[in-house]
Amino acid sequence: MQYSLGIDAGGTFTDAVIVQDSDGTIVESTKVLTTYPDPIGGIKKAIDELDPECVKDVKLVSVSTTLSTNTILEDTGFPVGVVLVGDYVIPEEGFPAKYYVRLNGGHTSNGEEAAPLDEEGVRRFARETRDQVAAFAVSSFFSNRNSEHELRVKQIIKELTGLPVVCGHELSQEVGAYDRSITAYLNAQLLPITHRFIKSIMQDINSRGIGANLLMLKCDGSVVSMEEALEKPIESIFSGPAASLVGAAYLTKYDTCAMVDVGGTSTDVALIKNGIPELSNQGAVVGGWKTMVKAIRMETSATGGDSHVWTEDKKFYIGPRRVIPLCRAAEEYTGFLNKLKESKNPSRKLLCENIQPTKFFVRTGFAPMDLSATEEEVYDAIQSMPISYTELFQRLKKQPSVRALDNLIQKRLVQAIGFTPTDALHVLGDFRRWDVEASVVGAEKLAKFMSIPKEELCSNVKRKVAWNMASDLVSYLVEGIPAPVIEKMLSGENFTRFKVETPVVLLGGPVVAFKEEMEKLIDANIMLPEHSSVGNAVGALVGKGIKRTEILIKRDFAPITGENATDEELKNAKEVVRYFVFVPEGRQMFPEYIEAVDFATKTAKQIVMDYMKSAGYSANEVEIKTTKKEFSIRESEEPVETKIIVVGVGTSKIVVEKDVIPDYMRKKATSSRRAAEHSYSGK
């Protein structure tokens, strides 16, 4: 028997599933806590918990991970030297790289050289920084129209340093030189980290005697080979939500559906249509930096199972900060339950997000750097065992600075523990994984401050999470809708309910607890598939090979000369029309529009097929779709600009049993898909 292994290393949990290749059956799954900051430990533990007899027969391993996202968010990437070629304008806040240089060169929008490349400047910068950086990135003005200068810079740096060099045009063909430079810089930062991560996975797989092909999931829901992942690690940012979306479609056998994934930190909403995830029109934004990476379009809110539930003025709030749930802390820290029971409550007047009767603080493993005197004082008072705000007050013999405490949390030097939706579900009996008594004690403490029974508090928290899930879904499906309108829609007033004409799939550990509450808020076919708690790992495995390529054709006018026109044209015209086709290797020029379109289409298809073959697909396993978008000023004229878009979709490597859906459900799904296709036809 042959199997495939899917792994998702998320922010809270690392999930793993084994799927039987012959029929797509999920044979076994496991969920362990993610190891931080290096996820490889959690991945090894997850594999250890699977049946070794199945593991040894695994022939395909596919991984999704938050490694790239976390590295950028925490600014822990390797140092990079950046070469900016052309007339770059750096924002007031400065360029993120410590080592960068601006040099003459670059091209115009037609791909013509704007200025000669300053090759000596490239050599000087490479020599000065080669001992301080781990990689280089180069971005040139309009390199998406002509990559000549970027490729020359890459050649020079490679010859002088031997270090890896990332070119902007290799990552995106979209217009936007500065965003392209940021994308190249971040990608170069991730190269050493990704290389180490992939090498560790491969070593672990090989040590188990597994002879498997290794793939990684991208943020658009497609899978790539390890070679591609090593070159473009930036494309794995936000691969977690992409894995959830692909997993939702696989588990329900719907090719069109919406997905609501409740994780530890956030709730993500996305849509898959006709088997392909809906992508954002804008580049993915991570750590405040706008990239040119194509990611799935998603709605994300800071509500998750580990969101902090806190009280002030007899009201409760959820998030946005994440904490360790009380129930989990009671099992991780010896004696914590007794400390929780015996801890003195803070004054009601002091209550805020960081001063709560159920909030505790503990050190992380990170080394402190650049602390203020106040921050250092508070940090020294916090040790490896959880401590409450009241205890801090007693230890310092004065009121601790809330701002300093907050800064230490933001710097990841201190981890907070507190009451969460996960605790509320433990109290209600909807979810039982850790210490229930700790959750009950926490609920009693918070409820006392609100003058309500603990069961009422927990039920209210549960309803609020379900409300947020429904609100995020409506906000995603109807873009731009104001929050007050969504609130009216979900209120149930005026005998109305918001109807969703496509199946809604719930994923995440405890989502079963919220299904009934969501059904009260919206009219939808809400699905809770088997294995929904490990949907991310399933998605990491069953993602298809997808390659999208766009090639631009641009009409241009050149002065008539004897070199480019006939005698008749010289008499009757002042300009001759020509068509530029911008491909990754540079620009090509054609005298006729139809020739330009034919060349662009053939080139795009070849790029797609070359990519799919490198991912292990044969020609008969790839479906190609070509779209032509034209922009004309006058209907009688040929287009000013034309985009040739070619999408290749590879068939899944795992056989999917289609007959597992009951007939009545299949009919409902079909009608829902048709409605969804109609609703989204304009997007």
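Normalising the average separation of contacting C-alpha pairs (under 8 angstrom, six or more residues apart) by the number of residues puts the relative contact order of segment 339-435 at 33 percent.
By the scheme Lys and Arg +1, Asp and Glu -1, what is the net charge of all other residues having a beta-carbon under 11 Å from that of Glu112?
Counting the neighbours of Glu112, the net charge comes to -1.
Computed from backbone phi, the HN-Hα couplings of segment 464-480 come to 5, 5, 4, 4, 4, 4, 5, 5, 4, 5, 4, 4, 5, 5, 10, 4, x Hz, rounded to whole numbers (Karplus: 6.51 cos²θ - 1.76 cosθ + 1.60, θ = phi - 60°; Gly and Pro given as x).
To put it simply, the accessible area of segment 46-137 at a 1.4 Å probe is 43 percent carbon and sulfur.
Set the bar at 21 Å for Cα to Cα. Now go through Lys359/Lys445; Lys544/Lys602; Lys232/Lys273; Lys314/Lys445 and name every pair that lies beyond it. Checking Cα-Cα distances, Lys544/Lys602; Lys232/Lys273 exceed 21 Å. Based on C-alpha pairs under 8 angstrom that are at least 6 apart in sequence, segment 238-283 has a relative contact order of 34 percent. Applied to segment 268-275, the Karplus parametrisation 6.51 cos²θ - 1.76 cosθ + 1.60 on θ = phi - 60° returns per-residue 3J(HN,Hα) values of 10, 10, 8, 9, 10, 10, 6, x Hz, with x for Gly and Pro.
Over the chain, what relative contact order in percent results from Cα pairs under 8 Å that are six or more residues apart?
Averaging sequence separation for qualifying contacts and normalising by length gives 13 percent for the chain.
The portion of the accessible surface of segment 220-304 made up by carbon and sulfur, rounded to a whole percent, is 50 (1.4 Å probe; DNA, RNA and ligands excluded).
Could you work out the Kirkwood radius for segment 446-520, taking every pair of different alpha carbons, averaging 1/r and inverting it, reported in Å?
14.0 Å
Summing Lys and Arg as +1 and Asp and Glu as -1 over all other residues whose Cβ lies under 14 Å from the Cβ of Lys359 gives a net charge of -1. Residues whose amide H comes within less than 5 Å of that of Val505, counting only those at least five positions distant or on another chain, are Ala258, Met259, Val260, Met527 (H built at 1.01 Å from N in the peptide plane). Remark: the chain carries 45 Å² of accessible area per residue (probe radius 1.4 Å; ligands, DNA and RNA excluded).
Where does the charge balance sit around Leu151 when Lys and Arg score +1, Asp and Glu -1, over other residues with C-beta under 14 Å from its C-beta?
Net local charge, Leu151 excluded: -2.
Over the Cα atoms of segment 1-85, compute the convex hull volume and normalise it per residue, giving Å³.
Hull volume normalised by residue count: 128 Å³.
Using the average count of surrounding beta-carbon atoms within 10 Å as a protection proxy, the listed peptides 542-553, 468-479, 338-349 rank, highest first, as 542-553, 468-479, 338-349.
For segment 158-221 versus segment 380-427, the inter-centroid distance based on Cα atoms is 37 Å.
Counting only residues at least eight positions apart within a chain, or on another chain, the lysines with an alpha carbon under 23 Å from that of Lys56 are Lys31, Lys44, Lys45, Lys199, Lys653.
Applied to segment 194-201, the Karplus parametrisation 6.51 cos²θ - 1.76 cosθ + 1.60 on θ = phi - 60° returns per-residue 3J(HN,Hα) values of 5, 4, 5, 5, 5, 4, 5, 5 Hz, with x for Gly and Pro. Based on DSSP H segments of at least four residues, each scored -39500 (n - 2.57), the chain has a per-residue ellipticity at 222 nm of -11500 deg cm²/dmol. The alpha carbons of the chain occupy a box of 97, 66, 59 Å along the principal axes, longest dimension given first. Calculated on C-alpha atoms, the gyration radius of segment 412-474 divided by its Kirkwood radius gives an Rg/Rh of 1.03. In this structure, the amide hydrogen of Thr303, modeled 1.01 Å from its nitrogen in the peptide plane, lies closer than 5 angstrom to those of Thr267, counting only residues at least 5 positions away or on a different chain.
Scanning residues 5 or more positions from Asn213 or on other chains, those with amide H under 5 Å from its amide H are Leu60, Val61, with H placed 1.01 Å from N in the peptide plane.
The values are calculated or read from the model by the stated rules, or taken from the named source; none is laboratory data. What you see is a predicted model, and the numbers here were worked out from it, not measured in a lab. Cβ atoms come from the backbone with ideal geometry, glycine included; neighbour counts cover every protein chain shown. Just the protein is used for accessible areas: all its heavy atoms, side chains included, with ligands, DNA and RNA removed. Shrake-Rupley method; radii C 1.70, N 1.55, O 1.52, S 1.80 Å.
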